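Report on one structure; see the data block that follows.
The values are calculated or read from the model by the stated rules, or taken from the named source; none is laboratory data. Worth saying up front: this structure is predicted, and the values here are computed from it rather than measured. All Cβ positions, even for glycine, are placed from backbone atoms using ideal geometry, and neighbour counts span all protein chains on display.
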Amino acid sequence: MAKRSGSNDKYERILHGAATVFAKEGFHQATVAKIAKAAGVADGTIYNYFKNKDDILVQFLTYKAHQVFSKFRQVMEQPHDAVTKLRNLIRQHFSAFQADIQMALIYQAESRRNRRLVEKEILEMGKMYADIVSAIIDQGQKEGVISADLHLPLARRMIVGTVEDVINSWIQSGGKYKLTPLAEPLVGLLVNGLGGPGRQAKSD
């Protein structure tokens, strides 16, 4: 049976090797042999940690989600106002993808091309992110910076969809520009669009 240990050096090397191959060649063109070569391990070593190529993709997304969402949760634990939390969340989101364009490519592209394979993981990540955004919207409505009349699912969809669109455009450009600096103006647009009483997103 495949071992599953996120702290194991070979496990992480295989995940990083797989990320390189998936991002460069795509999931369907990737092979266990190519992944093993990129990771610097024997082909058979892969099966000590993963069932097959599908399992590698699933575990890669789970592994990265754990890293990214731990930082998202830290944003929510800080005693900031809703606008600051939204800014920090989007900045952290952009920063994580900018620092790891391979993860960005795999999540945005392969996770959708292979939706059935990773549907459970994608749904779980989507729900976690939606819950964080919902909490920020709720706080913003209580603080009066987001209209209390807004339909929560619609407001959440607006934020999530806009963030994803910005990331997709950045990926399509090949990461030719910095993603993180876009967080500040994006938050300003979102907060104004969400119908608060004229409050502008303030700078740190």
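A few notes on this one:
- Unmet requirement for G175, which otherwise passes all of (1) at pLDDT 90 or above; (2) not in a helix (DSSP H, G or I): (1)
- Residues (in a helix (DSSP H, G or I) and surrounded by 17 or more Cβ atoms within 10 Å (Cβ to Cβ)) located in region 135-157: I136, I137, Q139, G140, Q141, A155, R156
- Close pairs from region 47-59: first in a loop (DSSP other than H, G, I, E, B), partner of a type in the set (S, T, Y), Cβ under 7 Å, at least 6 apart: Y49/Y11
- Scan of region 60-84 for residues that are outside any helix (DSSP H, G or I) and in contact (Cβ under 8 Å) with a residue 60 or more places away in the chain, ordered by number: D81
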